[in-house]
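Below is one structure, written out as structure tokens; comments come after it.
The values are calculated or read from the model by the stated rules, or taken from the named source; none is laboratory data. Values in this document were obtained by computation on a predicted structure and should not be read as measured data. Please note: Cβ atoms are built from the backbone with ideal geometry, for glycine as well, and neighbour counts cover all protein chains shown.
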Number of protein chains: 2
Amino acid sequence: MTELTSEEIAAWDACDPLAPFREEFHVPEGLYYLDGNSLGALPRKTPERIRTLIEDEWGHDLIKSWNAHDWIHLPRRVGDQIARLIGADAGEVIAADTTSINLFKMLGAALGLRPGRGIIVSEQENFPTDLYIAQGLSSFLGGEHGLRMVPRSELNDALGDDVAVVALTHVDFKTGEVHDMAEVTRRAHDAGALVVWDLSHSVGALPVELNASGADFAVGCGYKYLNGGPGAPAFLFVAKRHQDDIDPPLSGWMGHASPFAFDADYRPAPGIGRQLCGTPSILAMAALEVGVEIATRVDMKELRKKSQRMGDLFLELVEGCGLEIACPLESKRRGSQVSLRHDDGYPIMQALIANGVIGDFRAPDVLRFGLTPLYLRYSDVWEAALVLKKIVETEAWRRPEFQKRQLVT
Amino acid sequence: MTELTSEEIAAWDACDPLAPFREEFHVPEGLYYLDGNSLGALPRKTPERIRTLIEDEWGHDLIKSWNAHDWIHLPRRVGDQIARLIGADAGEVIAADTTSINLFKMLGAALGLRPGRGIIVSEQENFPTDLYIAQGLSSFLGGEHGLRMVPRSELNDALGDDVAVVALTHVDFKTGEVHDMAEVTRRAHDAGALVVWDLSHSVGALPVELNASGADFAVGCGYKYLNGGPGAPAFLFVAKRHQDDIDPPLSGWMGHASPFAFDADYRPAPGIGRQLCGTPSILAMAALEVGVEIATRVDMKELRKKSQRMGDLFLELVEGCGLEIACPLESKRRGSQVSLRHDDGYPIMQALIANGVIGDFRAPDVLRFGLTPLYLRYSDVWEAALVLKKIVETEAWRRPEFQKRQLVT
């Protein structure tokens with residue numbers, strides 16, 4: 001592999017069946033954008049869709065648009081499209097709120113379905129907001145409720161008969177390591193617990209099989225691999241078998257069986273509908289819909305193949321330059337990202353950004369590079385890896401301007 | 001007043017100091033839009049602001065925009081602007097999530113500050129989502145928690161020593177009746193309870209004095225009189241004195257003291273910052289900011305004067321046509337709307353809409369007309385009232401096509 005030439009990489013791109021998708025995105029000239037796992041690129045159709053929504057639907061048709069342009073069904077419509085990406089059925093997914101809020105809903109639902117059990121199990125390397133939500137929820141409920149946070153290797157031992165729910169992120173945000181969803185779900189069920197999967201780093205990045213894995217609940221993010229825009233609405237999944245048994249803790253009017261009856265008493269909508277709470281942002285939902293629609297046209301197996309090949313290429317190219325590999329070497333155990341470790345990871349990332357390679361830094365020492373096969377070429381990965389290698393080898397990151405901390409990393 | 005002529009009304013418009021604001025909004029030709037209390041009109045600056053945000057900030061600058069375009073501070077920046085409209089100080093308001101979610105946060109906060117008291121008091125005519133959230137929260141917490149729902153006249157009697165918080169909407173969504181905020185707050189405090197005010201039908205519609213009234217908490221809507229767009233982000237207010245004593249039940253990473261440290265333990269941000277939860281939609285926040293900025297340039301006393309005069313005019317014009325008045329006659333007790341009652345309110349509203357007058361119907365029998373002095377003229381109110389009167393008097397609403405129920409009313 002080390003004898004690879006840029007001509008050979010160009011040949012890979014020329015044969016890439018996913019190459020045409022790049023045309024559907026705006027990718028700035030001269031930028032190697034390896035941060036689509038933090039904020040996905042702009043689909044070319046989004047500006048016009050939003051212009052129409054704002055000027056014609058909001059501006060001209062005003063309140064009538066809730067019926068005339070079917071705004072009222074956007075959360076379900078987008079949810080049904082996302083369902084196709086994650087091995088769920090129509091009516092099992094809805095777009096709503098944020099990943100954090102949706103996780104609160106799903107953990108609350110799980111606790112309600114497992115009376116007498118108060119413990120949420122998670123791993124200490126889970127994405128912080130997942131842990132924070134579990135902590136806040138547990139202390140809000142008090143009593144026997146609590147978060148049991150353990151290293152991944154001790155997850156099975158943590159499954160006592162006090163555990164209501166296991167909350168895990170399918171692809172680790174920092175290391176990119178992939179959980180065996182079916183196996184973890186099976187073990188949790190054997191212990192009498194339910195499972196909530198956070199798919200933020202999975203949806204649109206690799207095939208996911210929620211129903212085939214027996215999953216109970218899931219949440220996920222719209223602004224990463226779904227390209228829904230900054231802070232796009234999130235989504236949630238509830239397996240059909242649980243839907244009508246849930247008493248939603250966040251019981252807003254959009255989840256009411258008949259919101260425009262204006263009854264004084266909450267009566268949850270049947271099915272997934274009760275997982276809505278307040279009025280969703282239609283601008284944000286419409287932008288998400290554009291990104292999701294693209295993903296539904298992608299052969300996820302092809303996407304996964306390209307993503308794995310890109311990761312292998314990147315790791316091969318930076319080998320031996322002084323960066324520790326922080327993600328699984330074996331591509332089938334790795335999500336659609338590459339993670340590397342260096343004590344001076346922060347200034348290295350700043351130097352990269354100054355040189356047109358965008359990744360991100362995850363404290364305390366991880367350099368993270370997202371691989372988004374819909375708009376990245378093998379040649380981009382090649383160039384980015386060579387820039388990184390050079391910066392590390394020449395210690396170009398030692399310059400004072402690269403030490404300055406940004407608010408958002 | 002009944003001898004008024006359309007020439008006189010035109011003269012009112014000619015002398016209206018707020019008239020220039022109409023130019024800042026897109027108002028469709030030939031439409032009498034009296035539903036800005038349900039969805040505010042489109043500010044003319046919004047399409048270009050959102051185009052720039054999408055194409056330049058998201059499309060071109062991508063992830064760097066969180067720092068470069070200060071996306072990270074949008075919720076606080078918009079919150080500080082809203083604070084000026086509701087008698088709050090900078091740092092007491094933040095834009096976030098939905099009204100329903102924010103009410104959950106504020107009720108949860110209030111319960112946390114009043115240990116040993118589990119009751120939420122509200123009135124049975126409150127907006128349904130406010131009641132639903134209180135119900136869902138109470139049954140989620142269980143035990144001594146509950147919602148005590150009473151008629152407005154019995155609010156004082158409901159203030160037992162088991163009451164943690166009183167949750168009311170300042171301007172009733174259906175009747176437009178205004179609560180005496182200072183008086184109700186004083187009585188609640190005397191009984192040892194806190195107060196959450198829902199300002200959804202107040203903010204941008206009439207002067208509000210939260211701090212002068214001693215209010216503890218408030219929430220409100222961005223898509224009505226703030227003209228933030230369909231499903232715009234909501235906001236919340238926490239009086240400075242309470243901010244650092246709150247353990248947020250919805251404890252997401254954006255409310256962490258140091259979100260990009262990626263600590264495993266939740267540590268709430270100081271002040272209002274801990275009221276954020278997940279990542280906000282930047283598209284939705286930016287659209288809200290445009291609407292709010294307009295409102296900050298308005299003399300709220302002039303706005304109130306025009307709104308009251310419009311309401312008086314409307315009521316005067318429809319007098320005696322067979323509609324029951326469902327809002328206070330006295331303009332100082334009435335929000336920025338007029339409400340009328342008729343057993344056939346639904347088809348009457350459909351007939352109105354077919355004739356270019358947009359109001360809305362609130363089950364079971366209320367016709368609601370929002371008065372938005374920034375983009376409505378006295379002549380619009382005049383025309384709308386005459387159309388309404390004619391439809392009722394000629395029974396034009398009896399035609400079969402007006403009986404058909406829409407999903408969203």
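Per-structure values
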read-out: Among the candidates A:Glu57, A:Glu24, residue that is out of contact with any Leu (no Cβ under 7 Å at 6 or more places or on another chain) and closer than 29 Å to A:Ser202 by Cβ; value: A:Glu24
read-out: Some residue of the stretch B:216-233 being in the same structural domain as B:Val290 (by TED's automatic domain parsing), surrounded by fewer than 20 Cβ atoms within 10 Å (Cβ to Cβ) and over 30 Å from B:Phe25 (Cα atoms); value: no
read-out: Complete set of residues in the stretch B:108-146 that are at the interface with chain A (Cβ under 10 Å from one of its Cβ atoms), surrounded by 20 or more Cβ atoms within 10 Å (Cβ to Cβ) and aliphatic (A, V, I, L, M); value: B:Leu111, B:Leu131, B:Ile133, B:Ala134, B:Leu137
read-out: Matching option when the condition is under 23 Å from A:Phe402 (Cα atoms) and in contact with a His (Cβ under 7 Å, 6 or more places away or on another chain), among A:Leu367, A:Leu386, A:Leu340; value: A:Leu367
read-out: Subset tally (residues that are in a strand (DSSP E or B) and out of contact with any helix residue (DSSP H, G or I) (no Cβ under 7 Å at 6 or more places or on another chain)) for the stretch A:110-125; value: 1
read-out: Any hit, the stretch B:251-272, residues being over 19 Å from the mean Cα position of the chain (by Cα), free of Cβ contacts under 8 Å to residues at least 40 places away in the same chain and part of a strand (DSSP E or B); value: yes
read-out: Top-ranked residue of the stretch B:179-201 - restricted to ones that are touching a helix residue (DSSP H, G or I) at 6+ places or on another chain (Cβ under 7 Å) and crowded, with 21+ Cβ neighbours inside 10 Å, ranked as farthest from B:Tyr132 (Cα to Cα); value: B:Leu194
read-out: Qualifying positions in the stretch B:399-409 - within 14 Å of chain A (Cβ to nearest Cβ), without any contact (Cβ under 8 Å) to a residue 60 or more places away in the chain and polar (S, T, N, Q); value: B:Gln406
read-out: Verdict on B:Gly87 being on the phi > 0 side of the Ramachandran plot, at pLDDT below 95 and not β-branched (Val, Ile, Thr); value: no
read-out: Which numbered condition B:Ala215 misses (of (1) in contact with a Phe, Trp or Tyr (Cβ under 8 Å, 6 or more places away or on another chain); (2) in contact (Cβ under 8 Å) with a residue 40 or more places away in the chain; (3) at negative phi); value: (2)
read-out: Candidate set: the stretch A:154-169, residues that are in contact (Cβ under 8 Å) with a residue 40 or more places away in the chain and crowded, with 16+ Cβ neighbours inside 10 Å; chosen: the one farthest from A:Leu303 (Cα to Cα); value: A:Asp162
read-out: Helices (runs of 4 or more DSSP H) enclosed by the stretch B:14-105 - at least 1 residues per element that are away from chain A (no Cβ under 14 Å) and out of contact with any Lys or Arg (no Cβ under 7 Å at 6 or more places or on another chain); value: B:74-85
read-out: Positions within the stretch B:358-398 being of a type in the set (Val, Ile, Thr), within 14 Å of chain A (Cβ to nearest Cβ) and farther than 20 Å from B:Lys306 by Cα, in sequence order; value: B:Val366
read-out: Hey, B:Ala257 over 16 Å from B:Asn37 (Cα atoms) and either out of contact with any strand residue (DSSP E or B) (no Cβ under 8 Å at 6 or more places or on another chain) or of a type in the set (Asp, Glu) (or both) or not; value: no
read-out: Residue satisfying all of: in the stretch B:58-107; among the aliphatic types (A, V, I, L, M) and over 23 Å from the mean Cα position of the chain (by Cα); surrounded by the fewest Cβ atoms within 10 Å (Cβ to Cβ) among these; value: B:Ala68
read-out: Out of A:Glu302, A:Glu316, sole residue that is surrounded by fewer than 18 Cβ atoms within 10 Å (Cβ to Cβ), over 22 Å from the mean Cα position of the chain (by Cα), outside any loop (DSSP other than H, G, I, E, B) and not hydroxyl-bearing (Ser, Thr, Tyr); value: A:Glu316
read-out: Any hit, the stretch A:293-313, residues being over 30 Å from A:Leu74 (Cβ atoms), of a type in the set (A, V, I, L, M) and touching a residue at least 40 places away in the same chain (Cβ under 8 Å); value: yes
